[in-house]
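Structure, as structure tokens:
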Amino acid sequence: MSAVAGPRGAGMSLLLSEIAVLFRRRRTWALLLALAAIPVLIAVAVRVSSAVPPGRGPAFLDRITQNGLFVAFTAMLVSVPLFLPLTVGVVAGDTIAGEANLGTLRYLLVAPAGRVRLLLVKYAGALAFCLAAPLTVALAGAAIGAALFPVGPVTLLSGDVIEPPEAVLRLLLISAYLAVSLAGLSAIGLFLSTLTVVPVGAMAATVVLSVVSQVLDQLPQLEWLHPWLFSHYWLGFGDLLRQPVLWDSFASNALLQAGYVAVFGALAYGRFVTKDVLS
Amino acid sequence: MNHRNMGDPLTTRAAKQRRNRAWLRWVPAVAAPAVIAAGVLVGSIPARAGDALADKTPADVLALLAGHNAHTFSGTIEQASELGLPELPATGPSSGAASDDPAASAIEMLTGEHTARVFMDGKAKVRIQVVDRFAERNIIRRDNDVWFYSSKDNSTAHLTLPAHARDLPLEDPALPGTSPESATPEGSMVPPTPQDLAAKFLAKADSTTAVSVGPDVQVAGRAAYNLVLEPRTGGTLVGMIAIAVDGETGMPLSVEVTARGAGEPAFRTGFTSLSLDAPDAALFNFVPPPGSTVEELQFQHPAHPSTGPGVPGYPGAHTDPEQLAAGIKDKAGSYLAGTGWETVVELPAESGAGAKLGTALAQNPLLSQAAVVVPGGRLLSSALFNVLLTDDGRVFAGMVPADRLQATSSAP
């Protein structure tokens with residue numbers, strides 16, 4: 001951090017160093033590698049087994065043998081309920097509690113950064129991971145699919161066919177959709193992380209909440225609650241595979257996640273700026 | 001708030017001041033949910049139209065509706081029903097079971113919620129997409145070619161309309177259940193559009209129906225007249241039907257059916273978004289995707305319903321019992337009792353409909369649970385209609401109370 005830089009420059013360099021630290025950590029690499037293993041496992045399993053009849057297993061699984069790009073779509077579908085929230089929970093739960101646990105939090109606060117800026121930078125780091133995680137699944141899926149299966153025009157849910165470059169564009173769109181989907185969970189993780197100095201507690205609580213939210217979303221008795229659950233639109237990314245693209249779920253999802261970010265961001269702010277930092 | 005340092009002798013004045021100001025830090029945490037709650041409240045109040053629609057008599061609204069000429073639009077239709085029938089599992093990523101048997105497919109369309117996108121460019125270019133989770137069912141018509149596509153099993157069916165059917169609308173409301181659409185292969189069924197239903201209910205709007213115009217409503221952001229049909233007889237389950245008629249074009253935007261004595265509609269279908277611009281022409285060019293199995297269907301002219309374009313063996317190929325009733329009305333051997341809203345349709349045992357329905361009931365555990373054993377047969381009961389399957393294989397259906405069906409079935 002340069003002492004002559006203004007507050008803005010200081011925040012920027014703090015953000016860059018946070019992201020650099022995050023992506024240099026061995027744990028972050030392990031998480032991303034675990035995510036990349038999902039499409040590889042799917043592709044290898046389909047390659048060595050007999051043809052999958054349509055309608056069995058997750059959507060798109062039967063299409064993989066004809067088109068390797070479907071490995072990416074299938075892997076994203078499979079990783080949404082547990083693997084993505086799990087990795088994001090680990091990163092988001094670690095944000096503040098991890099520093100507190102290491103005893104580095106007070107040093108960070110001694111620097112002229114200020115608590116609000118530190119909170120923002122930590123959240124931005126978690127968001128960067130939210131973007132990297134689905135992208136890893138998508139790229140690993142496309143790569144392994146291209147390596148093991150032929151790649152050709154992709155049939156959308158509507159029956160229309162798009163060329164591979166456009167299919168890759170849709171993959172990136174889905175990654176963006178999933179990144180937005182995980183923003184709310186990250187905010188929850190950030191808040192939980194300000195409550196404790198035990199990072200594992202915050203991580204576990206975040207992951208458990210994501211599972212609870214998905215379970216509640218399955219109970220028909222709680223139908224009134226469903227649109228309010230942060231996991232409600234997680235599987236809505238299928239709408240990006242229609243022709244023309246159905247943006248409704250993207251918009252609803254973004255609005256919902258923005259609400260979660262506002263509420264839990266404000267809670268994290270309230271907690272963090274009033275907290276006595278002892279470690 | 002943090003009181004951990006309370007009583008600490010080292011508490012300084014600055015710390016005290018900080019604590020006194022601490023509650024301010026929680027203001028955003030309270031404000032954010034409050035703002036969201038306020039936003040939701042404001043959003044739930046129906047927006048008033050900029051200009052109120054000119055007052056119209058029921059006859060004027062009926063004329064507006066009858067004369068509507070909006071056949072070029074794209075929109076999203078949502079359908080929701082709470083008929084009291086068991087909800088079949090929604091078509092999830094891996095479930096294909098719901099469409100495996102047609103009766104279940106018909107029930108699936110009748111229960112729960114469905115979303116469909118409709119694109120129309122004139123009557124001869126239509127595309128309907130039934131949006132399921134990670135699946136889609138498509139019907140695409142371009143002039144004489146009609147394509148059916150289901151993403152679940154990547155299957156395609158093709159139907160060539162004869163030249164004389166060129167200008168025939170895909171869904172002709174005057175011929176419910178007999179349009180080429182009813183020749184859809186199993187699993188490709190679409191929910192009825194507001195146009196279909198409005199036409200069907202208006203056909204009943206004779207002297208047995210009281211027609212009035214309620215306060216204007218907003219549907220898909222458009223101001224609409226609220227045409228209310230109320231059966232004058234107490235012998236039907238239907239209490240009220242509200243049709244939203246677009247103030248500008250006369251197009252039916254939504255249909256709500258409320259059961260007698262109920263407060264909330266048991267069935268609702270309507271546009272959630274609507275644009276009157278011509279859809280992208282490329283949407284109507286359909287080529288079967290690679291790897292898809294294509295089945296050629298034979299077209300049978302709707303003018304000869306006795307030869308039946310309804311798919312033989314697929315009693316569920318009609319999207320609602322009303323349609324089912326209307327569709328089979330003309331077929332030889334069926335019998336009608338009662339008139340207007342109290343119509344009861346009977347299918348004699350020879351038609352085999354009873355046997356088919358019986359098989360469908362036996363095969364589907366959810367359906368067989370819903371069918372209650374009553375004296376003389378089994379009854380499939382819902383808020384708006386009843387179907388009675390007698391022990392001797394006859395089927396009675398109608399929008400009438402169950403005892404009416406039983407009385408009809410036991411009458412000589």
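The values are calculated or read from the model by the stated rules, or taken from the named source; none is laboratory data. Here the structure is a predicted model, which means the values were calculated and not measured. Cβ atoms come from the backbone with ideal geometry, glycine included; neighbour counts cover every protein chain shown.
Summary table
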{"item": "Condition check for A:Phe272: surrounded by 21 or more Cβ atoms within 10 Å (Cβ to Cβ), aromatic (Phe, Trp, Tyr) and not in a helix (DSSP H, G or I)", "result": "no"}
{"item": "Among residues of the range A:177-203, those that are in a helix (DSSP H, G or I) and either β-branched (Val, Ile, Thr) or without any contact (Cβ under 8 Å) to a residue 24 or more places away in the chain (or both), counted", "result": "4"}
{"item": "Residues of the range A:224-250 satisfying the condition of being within 12 Å of A:Tyr177 (Cα to Cα) and not in a helix (DSSP H, G or I)", "result": "A:Tyr233, A:Trp247"}
{"item": "Options A:Leu235, A:Leu256, A:Leu278; residue that is within 11 Å of chain B (Cβ to nearest Cβ) and surrounded by fewer than 18 Cβ atoms within 10 Å (Cβ to Cβ)", "result": "A:Leu278"}
{"item": "Which listed residue, of B:Ala317, B:Ala332, is at pLDDT below 60, among the aliphatic types (A, V, I, L, M), buried (at least 21 other Cβ atoms within 10 Å of the Cβ) and not in a helix (DSSP H, G or I)", "result": "B:Ala317"}
{"item": "Sole exception among (1) closer than 19 Å to B:Ala116 by Cβ; (2) in the same structural domain as B:Thr72 (by TED's automatic domain parsing) for B:Ala282, by number", "result": "(1)"}
{"item": "Residue among A:Pro227, A:Pro220 that alone is within 11 Å of chain B (Cβ to nearest Cβ), surrounded by fewer than 19 Cβ atoms within 10 Å (Cβ to Cβ), within 30 Å of B:Ile128 (Cα to Cα) and in contact (Cβ under 8 Å) with a residue 24 or more places away in the chain", "result": "A:Pro227"}
{"item": "B:Ala157 being assigned by TED's automatic domain parsing to the domain that holds B:Thr76, at pLDDT 90 or above and among the small types (Gly, Ala, Ser)", "result": "yes"}
{"item": "B:Glu136 being in contact with a strand residue (DSSP E or B) (Cβ under 8 Å, 6 or more places away or on another chain), modelled with pLDDT of 90 or more, among the acidic types (Asp, Glu) and assigned to a strand (DSSP E or B)", "result": "yes"}
{"item": "Residue match in the range B:200-215 (condition: among the basic types (Lys, Arg), modelled with pLDDT under 80, out of contact with any Ser or Thr (no Cβ under 9 Å at 6 or more places or on another chain) and not in a loop (DSSP other than H, G, I, E, B))", "result": "yes"}
{"item": "Counted residues, the range A:65-100 - those being touching a helix residue (DSSP H, G or I) at 6+ places or on another chain (Cβ under 6 Å) and farther than 20 Å from A:Leu173 by Cα", "result": "13"}
{"item": "Among (1) modelled with pLDDT of 85 or more; (2) touching a Leu at 6+ places or on another chain (Cβ under 8 Å) - the single one B:Pro93 does not satisfy", "result": "(1)"}
{"item": "Scope the range A:145-166; condition crowded, with 21+ Cβ neighbours inside 10 Å and either away from chain B (no Cβ under 14 Å) or at pLDDT 95 or above (or both); matching residues", "result": "A:Gly145"}
{"item": "Conditions (1) over 22 Å from A:Ala75 (Cβ atoms); (2) in contact (Cβ under 8 Å) with a residue 12 or more places away in the chain; (3) polar (S, T, N, Q); (4) within 11 Å of chain B (Cβ to nearest Cβ); number of the one not met by A:Thr206", "result": "(4)"}
{"item": "Residues of the range B:261-303 satisfying the condition of being surrounded by 18 or more Cβ atoms within 10 Å (Cβ to Cβ) and not in a loop (DSSP other than H, G, I, E, B)", "result": "B:Phe267, B:Arg268, B:Thr269, B:Gly270, B:Phe271, B:Leu274, B:Leu283, B:Phe284"}
{"item": "Test: A:Leu173 is modelled with pLDDT of 95 or more, under 27 Å from A:Val40 (Cβ atoms), more than 14 Å from chain B (Cβ to nearest Cβ) and surrounded by fewer than 20 Cβ atoms within 10 Å (Cβ to Cβ)", "result": "yes"}
{"item": "Unique residue being surrounded by 22 or more Cβ atoms within 10 Å (Cβ to Cβ), touching a Pro at 6+ places or on another chain (Cβ under 7 Å) and farther than 30 Å from B:Phe284 by Cα when the list is A:Leu190, A:Leu185", "result": "A:Leu185"}
{"item": "Residue check for A:Leu118: touching a residue at least 24 places away in the same chain (Cβ under 8 Å), touching a helix residue (DSSP H, G or I) at 6+ places or on another chain (Cβ under 7 Å) and surrounded by fewer than 18 Cβ atoms within 10 Å (Cβ to Cβ)", "result": "no"}
{"item": "Set A:Gly98, A:Gly57: member being more than 10 Å from chain B (Cβ to nearest Cβ), out of contact with any Lys or Arg (no Cβ under 9 Å at 6 or more places or on another chain) and small (Gly, Ala, Ser)", "result": "A:Gly98"}
{"item": "Selection count, the range B:384-412, where residues are part of a loop (DSSP other than H, G, I, E, B) and crowded, with 22+ Cβ neighbours inside 10 Å", "result": "4"}
{"item": "Residues of the range A:193-212 satisfying the condition of being crowded, with 21+ Cβ neighbours inside 10 Å and polar (S, T, N, Q)", "result": "A:Ser193, A:Thr194, A:Thr206, A:Ser210"}
